[in-house]
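Colleague: Below is the structure I would like to discuss, written out as structure tokens.
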Amino acid sequence: DVVSISEPIADDHFGSLIERIIEWMDEYYVIRLSDEVKRGMTEKATRGEPLCISAFGYDLKDKKYYINEEQAPIVREIYDRFINGAKINQIATYLQSIGVKTNKGNSPDRRFVEYILHNPVYCGKIRWCTDGKKASARDYYNENFIIADGMHESIVTQEIFNKAQELLQENRKKFG
């Protein structure tokens, strides 16, 4: 049963019809709102504006990412170790051994390192998926991603990021 205080509905056939119309209008509103939010987020992404909380290595202030001077060297070391042949699990174990903690206070694991290596935010880009899927779901190669120049400073160079992507692709081909 639908009980409405602001829209009294009669308990007859006409009331049943009104109830369905109100439900349809509410559903339509939610669908339109979802489309408007996606459109707004896509527009922000194309302008290079932050869309979410800051990634490890950055702080979010005044709607802009700023390099976190304590975490940025760790991000650089992750890229350096990976490009020089270290495996993702080895890097995670190393980070744990030196006491690194994620932004949520957890010990770094394989997913943490893998996410950093795949995230274009570190070379000064913003990534947004227009179909609403998250990169955190490890769908790093989704064709619906928008990758735009960000308004923030990069932690690693584009060349280092590209080299890491090449190695990740090679590993993906080798190990599936």
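Colleague: Please identify the pairs in which a residue from the stretch 108-125 that is on the phi > 0 side of the Ramachandran plot has its Cβ atom under 8 Å from the Cβ atom of a residue that is in a helix (DSSP H, G or I), counting only partners at least 6 apart or on another chain.
Modeller: Gly124/Gln158
Colleague: Here's a follow-up. Output the number of residues of the stretch 91-133 satisfying the condition of being in a helix (DSSP H, G or I) and among the hydrophobic types (A, V, I, L, M, F, W, C).
Modeller: Summing the residues that are in a helix (DSSP H, G or I) and among the hydrophobic types (A, V, I, L, M, F, W, C) in the stretch 91-133 gives 9.
Colleague: Scan the stretch 121-131 and give yes if some residue there is in contact with a His (Cβ under 7 Å, 6 or more places away or on another chain) and either at pLDDT 85 or above or open to solvent by 80 Å² or more (accessible area, probe 1.4 Å) (or both), otherwise no.
Modeller: yes
Colleague: Go through the stretch 66-90 and report how many residues are open to solvent by less than 90 Å² (accessible area, probe 1.4 Å), closer than 19 Å to Glu170 by Cβ and not in a helix (DSSP H, G or I).
Modeller: Going through the stretch 66-90 one residue at a time, the tally reaches 2.
Colleague: OK, next. Filtering the stretch 1-25 down to residues that are assigned to a helix (DSSP H, G or I), open to solvent by 90 Å² or more (accessible area, probe 1.4 Å) and of a type outside the set (Phe, Trp, Tyr), which residue is modelled with the lowest pLDDT?
Modeller: Applying the filter and picking the extreme gives His13.
Colleague: Give me the pairs: first residue in the stretch 31-42 and within 16 Å of Trp128 (Cα to Cα), second residue open to solvent by less than 90 Å² (accessible area, probe 1.4 Å) and assigned to a helix (DSSP H, G or I), beta-carbon distance under 9 Å, and six or more apart or on different chains, which are they?
Modeller: From residues that are within 16 Å of Trp128 (Cα to Cα), there are no pairs.
Colleague: Of the numbered conditions (1) in contact (Cβ under 8 Å) with a residue 12 or more places away in the chain; (2) open to solvent by 40 Å² or more (accessible area, probe 1.4 Å); (3) within 18 Å of the chain's Cα centre (by Cα), Tyr58 fails exactly one; give the number of that condition.
Modeller: It is condition (2) that Tyr58 fails.
Colleague: Output the residues belonging to the stretch 68-88 that are over 22 Å from the mean Cα position of the chain (by Cα) and of a type in the set (A, V, I, L, M).
Modeller: Ile83, Ala86
Colleague: Also, I was wondering about something else. Evaluate the following for Leu33: is it within 30 Å of Lys125 (Cα to Cα), open to solvent by 50 Å² or more (accessible area, probe 1.4 Å), more than 16 Å from the chain's Cα centre (by Cα) and among the hydrophobic types (A, V, I, L, M, F, W, C)?
Modeller: Taking the combined requirement at face value, the residue satisfies it.
The values are calculated or read from the model by the stated rules, or taken from the named source; none is laboratory data. Note that the structure is a prediction, hence the values are computed from the model and not measured. Backbone-built Cβ (ideal geometry, glycine too); neighbour counts: all protein chains shown. Just the protein is used for accessible areas: all its heavy atoms, side chains included, with ligands, DNA and RNA removed. Shrake-Rupley method; radii C 1.70, N 1.55, O 1.52, S 1.80 Å.
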